[in-house]
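Have a look at the structure below, then the notes.
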């Protein structure tokens, strides 16, 4: 577990209400837990402009702003094309240069996180999904 430090902070009432609303939506019970999550996202979006976070099935996920593509998807393609940027551009011709660079920058900053997601996605074979979710089988 990462070391943590206690800090006192004064929060305007309107911001407090927004944080509490977010806690309710996400099912987070502790105010400090929610604030830390929000601060972590804010720092990540500052370090990797062009990346936003959206709710996923199990957690918040980094997405290329304006595209709907998760960072891991762009990185997986980048690896498939031999880490060749021109081939990546061709694969995602509808994305702008800043959008592609944002995904690769996020990967550079948070490689271990993205690699874990790539590993999870690789384990989701059609057979495994159908075994775990039988309703997905064709009848």
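The Cα atoms of the chain define a convex hull whose projected area, averaged across directions, is 12.0 nm². Once the C-beta distance of residue 26 and residue 113 is scaled by a Förster radius of 22 Å, the resulting FRET efficiency is 0.70 to the nearest 0.05. Working from Cα pairs under 8 Å separated by at least six residues, relative contact order for region 1-65 is 16 percent. Using 11 Å as the cut-off for backbone N distance, which residues of region 102-117 belong to the label zone defined by a point 7 Å from the Cα of residue 47 along Cα→Cβ? Flagged as within label range: 106-113.
As a size descriptor, the averaged projected area of the C-alpha convex hull of region 2-46 was calculated at 3.9 nm². For the chain, a Gaussian network of Cα nodes joined below 10 Å ranks 16, 126, 99 by mean-square fluctuation, and the top entry is 126.
For region 79-128, what number results from the quotient of the Cα radius of gyration and 2.2 N^0.38 Å?
So the Cα radius of gyration is 1.32 times the expected 2.2 N^0.38 Å.
Placing dummy labels 7 Å off each Cα toward the beta-carbon, the span from residue 122 to residue 11 is 3.9 nm.
Computed from the coordinates by the stated procedures, all read-outs in this text should not be read as laboratory data. Note that the structure is predicted; figures quoted are calculated from it, not measured. When we count neighbours, we look across all protein chains shown, and the Cβ atoms used for this are built from the backbone with ideal geometry, even at glycine.
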